[in-house]
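The values are calculated or read from the model by the stated rules, or taken from the named source; none is laboratory data. Because the structure is a prediction, the values reported are computed rather than measured. Reconstructed Cβ throughout: ideal geometry from the backbone, glycine too, with neighbour counts over all protein chains shown. To get the accessible areas, we keep the full protein, side chains included, count just its heavy atoms, and leave off ligands, DNA and RNA. Shrake-Rupley method; radii C 1.70, N 1.55, O 1.52, S 1.80 Å.
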Amino acid sequence: MTKTVHNVVAAVKDITELVDHLIESVESRQSQEVVAIAEEISAGAEEVTAMQANKQLSWKKSENRRLILKC
């Protein structure tokens, strides 16, 4: 009976360690996914900033042309 109890305790410990390892793997994977999403968002924000800067430059150039033509 004691041997059976020890075997069950050892099996439960092994299962617990396996579950802990699986949880760590899932958390690590989720962290990697969050980092990847953050990088995508950052890249998208940089694109938007660049597009806005290009629009402002384009607008300034067209304003300058209009002023030159008025002279």
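Only residues in the range 1-19 that are free of Cβ contacts under 8 Å to residues at least 24 places away in the same chain count as the first member; pair them with residues that are open to solvent by less than 80 Å² (accessible area, probe 1.4 Å), Cβ under 6 angstrom, at least 6 apart or cross-chain, and list the lot.
Taking only residues 6 or more apart or on different chains, not a single pair turns up.
Considering only the range 42-50, I want to know if a residue exists there that is open to solvent by 100 Å² or more (accessible area, probe 1.4 Å), without any contact (Cβ under 8 Å) to a residue 12 or more places away in the chain and not acidic (D, E). Break it down stepwise before answering.
Initial filter on the range 42-50 (open to solvent by 100 Å² or more (accessible area, probe 1.4 Å)): 46-47.
Now restrict to residues that are without any contact (Cβ under 8 Å) to a residue 12 or more places away in the chain: 46-47.
Filter again for not acidic (D, E), leaving none.
No, every residue in the range 42-50 fails to be open to solvent by 100 Å² or more (accessible area, probe 1.4 Å), without any contact (Cβ under 8 Å) to a residue 12 or more places away in the chain and not acidic (D, E).
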